[in-house]
Amino acid sequence: MSWASDDGWDTYRAIDDGYGTPPVTVASDARFDVAVVGGGAAGLHVALEAAERGARTVLIARKPLAESSSFWAQGGLAAALRDDDSPGRHAADTLAAGRGLCRASAVEVLASEAPASVEQLRDRGVRFDLDPDGELALGLEGGHSARRIVHAGGSQTGREITSRLAELAAAEPLIEVREGESAVAIATDEGRCTGVICEGGPVSARATVLTTGGGAALWRRTTNPRGAIGAGAVLAHTAGADLADLELCQFHPTALALPGRPQDGALITEAVRGEGATLLDTAGRRFTDELAPRDQVSTAILDRMDADASKHVWLDLRGLDPARFPNVFEICRAAGLDAGAEPVPVAPASHYLIGGVATDLDARTSLPGLLAVGECACTGLHGANRLASNSLSECFVFGTRAARAALEEPESAPARDPGRRFEPPAEATRDAVWRHAGPRRDATGLAALGDDPYVLARLIAAAAENRRETRGTHLRTDHPLQDPELDGIHLLVGSNGEIRLQRWT
């Protein structure tokens with residue numbers, strides 16, 4: 001399998017791929033204050049925050065909590081914690097990486113509230129890595145102008161955080177954890193979300209919070225687990241909520257390039273480049289700034305691959321301490337690579353779908369009663385290119401806000417089954433999305449993708465066709481320049497598929 005950074009297994013009916021967990025049987029009239037769909041970092045945090053405020057909460061997780069995508073996250077949390085850093089500096093780096101498309105208010109929220117989120121996790125018992133003086137060991141990653149990345153267990157941050165939060169959630173009497181349960185539809189009544197329809201029956205709630213992860217596994221070459229197919233976005237769209245920025249998918253520069261082998265697409269965290277790993281061409285020469293933002297590094301790699309007529313470049317990890325990045329070196333060993341002795345082949349792969357369910361700064365969607373947090377959501381925080389390690393910070397900063405907002409929702413009608421069901425995409429869709437909406441796109445390919453049977457693939461194609469420029473992760477070979485008239489302009493997709501342009505502040 002591949003490893004990635006957000007929860008994506010939680011909302012779709014299982015394909016018989018060997019990963020299935022039998023669904024649980026639940027009462028047909030279950031009622032809660034808050035229903036959280038998705039058992040990764042964002043979902044666990046929202047559930048804990050809601051329960052600690054007295055809300056009866058259900059956490060619906062298709063896979064066991066220890067198998068969420070967040071569990072495999074190699075990156076850390078970005079927060080300005082040192083005296084020589086500041087939230088303002090963090091915000092400036094985020095805005096620069098976002099290529100003129102970040103929602104400034106969302107950036108300010110993240111940068112100012114991330115330090116408190118780190119401290120809250122420490123208070124919850126998460127053990128972050130410390131330096132010899134007993135202070136937090138802060139890493140450096142691409143696009144950051146200061147050391148501000150907090151890790152746990154080296155490159156096992158996801159494992160450490162989700163394991164601890166899962167332990168707390170299991171012990172919280174106000175949280176009912178339903179592992180092995182799948183959400184198949186959002187229930188609505190008179191224009192309001194009233195809960196979620198699961199395989200075992202409806203679950204009514206004043207507020208439903210989607211924390212289902214992203215959709216980067218819609219692209220055939222991906223760092224994500226196969227379940228990251230944008231299920232939350234499809235559920236929300238079908239129920240009537242707006243989506244935004246679907247044309248923007250971040251391609252991570254350094255995923256193992258081993259076509260036909262199980263480790264193809266496995267993520268090599270950006271943190272290794274922050275500690276000295278270098279990118280080399282076929283002649284063994286460095287060719288780019290390894291600590292530039294991800295879109296810039298990915299483009300440099302693609303250009304070098306073209307120039308060298310190669311399917312990959314090389315990532316040189318020699319000289320790094322394997323104990324600092326244990327799962328990186330283990331992934332390489334499992335692939336038969338000795339990363340301590342020779343460079344390993346890498347190439348860009350889809351990693352993070354920036355677009356998702358459009359929300360405000362308190363995670364509310366356009367459908368009352370429905371909220372979204374994490375990679376399934378789109379606040380405009382990341383602009384056209386996500387700054388490394390902002391995504392985990394986003395889960396906790398906006399997760400806290402979502403829990404507060406959820407408790408402000410009024411009582412709703414019981415959840416009633418709308419009769420529709422989410423269905424996952426076919427394998428042909430993954431091939432088509434990679435071929436037509438990969439790191440480089442054009443109008444001809446996007447038009448072909450517009451006929452795909454999977455609704456999210458069609459919406460991605462429509463949004464990508466409508467953004468007729470190159471900006472950040474969105475590289476149009478037929479529109480190679482950035483259009484200044486589109487600065488700050490986001491593409492929203494309504495429930496009828498109509499695209500409209502909005503400026504977010």
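What is the ratio of the Cα radius of gyration of the range 316-403 to 2.2 N^0.38 Å, with N the residue count, to two decimals? Mind dumping the intermediate values first?
Values: Rg = 18.3 Å, N = 88, 2.2 N^0.38 = 12.1 Å.
Here the answer is 1.51, to two decimals.
For Thr282 and Leu130, compute 0.36 nm times the residue count separating them, minus their Cα-Cα distance, and round to one decimal in nm. Please report the intermediate quantities before stating the final value.
Numbers: separation 152, 0.36 × 152 = 54.72 nm, distance 3.75 nm.
Full-extension gain reported as 51.0 nm.
Once Rh is set to the Kirkwood radius over Cα pairs, what Stokes-Einstein translational diffusion coefficient, in µm²/s, holds for the chain at a temperature of 4 °C and a viscosity of 1.567 mPa s? Before the final figure, lay out the partial values.
Values: Rh = 22.3 Å.
Reported coefficient: 58 µm²/s.
In Å and on Cα atoms, what radius of gyration and Dmax does the range 305-456 show?
21.1, 62
From largest accessible area down, sort Trp314, Trp219; use a 1.4 Å probe on the protein chains.
Working: Trp314 80, Trp219 0 Å².
Reading off the accessible areas and sorting them downward yields Trp314, Trp219.
So for Arg122, Arg286, Arg318, Arg430, what's the accessible-area order with a 1.4 Å probe, most first?
Values: Arg122 95, Arg286 150, Arg318 115, Arg430 15 Å².
Reading off the accessible areas and sorting them downward yields Arg286, Arg318, Arg122, Arg430.
At what distance in nm do the modelled label points of Glu427 and Gln502 sit from each other, each positioned 7 Å from its Cα along Cα→Cβ?
Simple spin-label model gives 3.9 nm for this pair.
So, for the range 405-464, what is the accessible surface per residue at a probe of 1.4 Å, expressed in square angstrom? Write out the running numbers ahead of the final one.
Values: 2690 Å² over 60 residues.
Each residue of the range 405-464 exposes 45 Å² on average to a 1.4 Å probe.
By per-residue mean of other Cβ atoms within 10 Å, what is the highest-first order of 399-412, 31-44? Let's see the in-between values first.
On the way: 399-412: 20.0, 31-44: 30.7.
Listed from highest to lowest mean packing, they are 31-44, 399-412.
Can you give the Kirkwood hydrodynamic radius of the range 418-468 from its Cα pairs, in Å with one decimal? Numbers along the way, then the final one.
Working: mean 1/r = 0.0891 Å⁻¹.
In the range 418-468 this quantity evaluates to 11.2 Å.
How big is the charge dipole of the chain about its Cα centre, in debye rounded to the nearest 20, if each Lys and Arg gets +1 on its Cβ and each Asp and Glu gets -1 on its Cβ?
Working: 51 positive and 71 negative charges, 117 e Å.
Charge dipole, the chain, about its Cα centre: 560 debye, nearest 20.
Quick check: at a probe of 1.4 Å, how many percent of the accessible area of the chain sits on carbon and sulfur atoms? Working shown, then result.
Details: 8390 of 17330 Å².
Answer for the chain: carbon and sulfur cover 48 percent of the accessible area.
Just from its helices, what would the mean residue ellipticity at 222 nm be for the chain, if runs of 4 or more DSSP H residues each count -39500 (n - 2.57) and the sum is divided by every residue, rounded to the nearest 500 deg cm²/dmol?
Numbers: 12 runs with 142 residues, N = 505.
Taking each H run of at least 4 residues, the total per residue is -8500 deg cm²/dmol.
When the Kirkwood hydrodynamic radius is evaluated over all pairs of different C-alpha atoms of the range 354-408, what value in angstrom, to one decimal, is obtained?
On the way: mean 1/r = 0.0899 Å⁻¹.
Kirkwood radius, the range 354-408: 11.1 Å.
So what's Rg/Rh here for the range 221-351, counting alpha carbon atoms and using the Kirkwood radius for Rh?
Computed over Cα atoms, the ratio is 1.03.
How many angstrom lie between the Cα centre of the range 187-261 and the Cα centre of the range 337-362?
Rounded to whole Å, the Cα centres lie 17 Å apart.
Can you tally the net charge around Leu317? Count Lys and Arg as +1, Asp and Glu as -1, for every other residue whose Cβ sits under 11 Å from the Cβ of Leu317.
-2
Which value does Rg/Rh take for the range 88-176 over its C-alpha atoms, Rh per Kirkwood? Show your work: numbers first, answer last.
Working: Rg = 15.5 Å, Rh = 14.9 Å.
That ratio is 1.04, to two decimals.
Which order, highest average first, do 48-54, 492-498, 290-296 follow once you tally other Cβ atoms within 10 Å for each residue and take the mean per peptide? Show your work: numbers first, answer last.
Values: 48-54: 19.9, 492-498: 14.7, 290-296: 21.9.
The packing order, highest mean first, is 290-296, 48-54, 492-498.
Need the full-extension length gain, Ser310 to Asp417, defined as separation in residues times 0.36 nm minus the C-alpha distance. One decimal, nm.
Working: separation 107, 0.36 × 107 = 38.52 nm, distance 5.17 nm.
Once the chain is fully extended between Ser310 and Asp417, it gains 33.4 nm.
Under a Cβ-Cβ cut-off of 11 Å, what is the net charge of the residues other than Asp93 that fall near it, where Lys and Arg count +1 and Asp and Glu count -1?
Values: positive: Arg89, Arg148; negative: Asp85, Glu141.
Taking every other residue near Asp93 into account, the sum is 0.
In the range 154-286, what is the volume of the convex hull around the alpha carbon atoms, normalised per residue and reported in Å³? Walk me through the numbers on the way to the answer.
Details: hull volume 22.4 nm³, N = 133.
Dividing the Cα hull volume of the range 154-286 by its residues yields 168 Å³.
Averaging the inverse of every distinct alpha carbon separation and then flipping it gives the Kirkwood radius. What is it for the range 385-505, in angstrom units?
Here the Kirkwood hydrodynamic radius works out to 17.4 Å.
Let me spell out the model: positive unit charges on the Cβ of Lys and Arg, negative unit charges on the Cβ of Asp and Glu, origin at the Cα centre of the range 388-505. What dipole size does that give, in debye rounded to 20? Each step should come with its number before you reach the end.
Working: 16 positive and 18 negative charges, 23 e Å.
Dipole size: approximately 120 debye.
Treat each spin label as a single point 7 Å out from the Cα along the C-beta direction, and report the Ala443 to Asp84 distance in nm.
A separation of 5.1 nm, rounded to one decimal place.
The values are calculated or read from the model by the stated rules, or taken from the named source; none is laboratory data. Worth saying up front: this structure is predicted, and the values here are computed from it rather than measured. Note that we place each Cβ from the backbone using ideal geometry, even for glycine, and neighbour counts take in every protein chain shown. Each accessible area value is taken on the protein alone, full model and side chains, heavy atoms only, with ligands, DNA and RNA left out. Shrake-Rupley method; radii C 1.70, N 1.55, O 1.52, S 1.80 Å.
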